[in-house]
Amino acid sequence: MIKLKVLRIRPDKVGRLRAWLAEAGGRADEIRETFVNEGVTHEQGFILSTVDGPVLVYAVESADYEAALRAFAESPFPIDAEHKTVMAEVTDGELPVPLLLDIHV
């Protein structure tokens, strides 16, 4: 299952988010360890400029997204704690985006 989230980014925090995502990319082995714990197989993030300001589009692939969320919430991994802190600092709520098409085998 692929889950997408669209989050508002505080305009003055775009640089901080870019820096965090770059750092996270350099710590891919740590992230893969959290993926095993969460049952996540793939994540991608994109920063888009919109007329309403910057947004983060975040895609997560997991067989059981709800279980992955619970595992992330209870994660013992330092990188997950850092991720929660940074995301709380740089985001300003989720944008509701209606799912219009969902086809899979």
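Looking at the structure I just gave you, is Leu7 over 26 Å from His104 (Cβ atoms), within 14 Å of the chain's Cα centre (by Cα) and at pLDDT 95 or above? So Leu7 does not fit the description; no.
With respect to being touching a residue at least 60 places away in the same chain (Cβ under 8 Å), loosely packed, with under 11 Cβ neighbours inside 10 Å and not charged (D, E, K, R), Ala63 fits the description.
When the strands (runs of 3 or more DSSP E) confined to the chain are screened for residues that are among the polar types (S, T, N, Q), those reaching at least 3 such residues are found at 40-50. Search the range 48-105 for residues being among the small types (Gly, Ala, Ser) and touching a strand residue (DSSP E or B) at 6+ places or on another chain (Cβ under 9 Å), and hand back the single one that is farthest from Arg10 (Cα to Cα). Out of the qualifying residues, it is Ala63.
Condition (residue is over 23 Å from Phe77 (Cβ atoms) and loosely packed, with under 15 Cβ neighbours inside 10 Å) applied to the range 32-40: is it met by at least one residue? No, the range 32-40 has no match at all.
If you go through the range 31-89 and keep only what is touching a Pro at 6+ places or on another chain (Cβ under 8 Å) and hydrophobic (A, V, I, L, M, F, W, C), you end up with Ile47, Leu48.
The values are calculated or read from the model by the stated rules, or taken from the named source; none is laboratory data. Predicted model, so just to flag it, every value in this text is computed and none were measured. Here the Cβ is made from the backbone with ideal geometry for all residues, glycine too, and neighbour counts use every protein chain on show.
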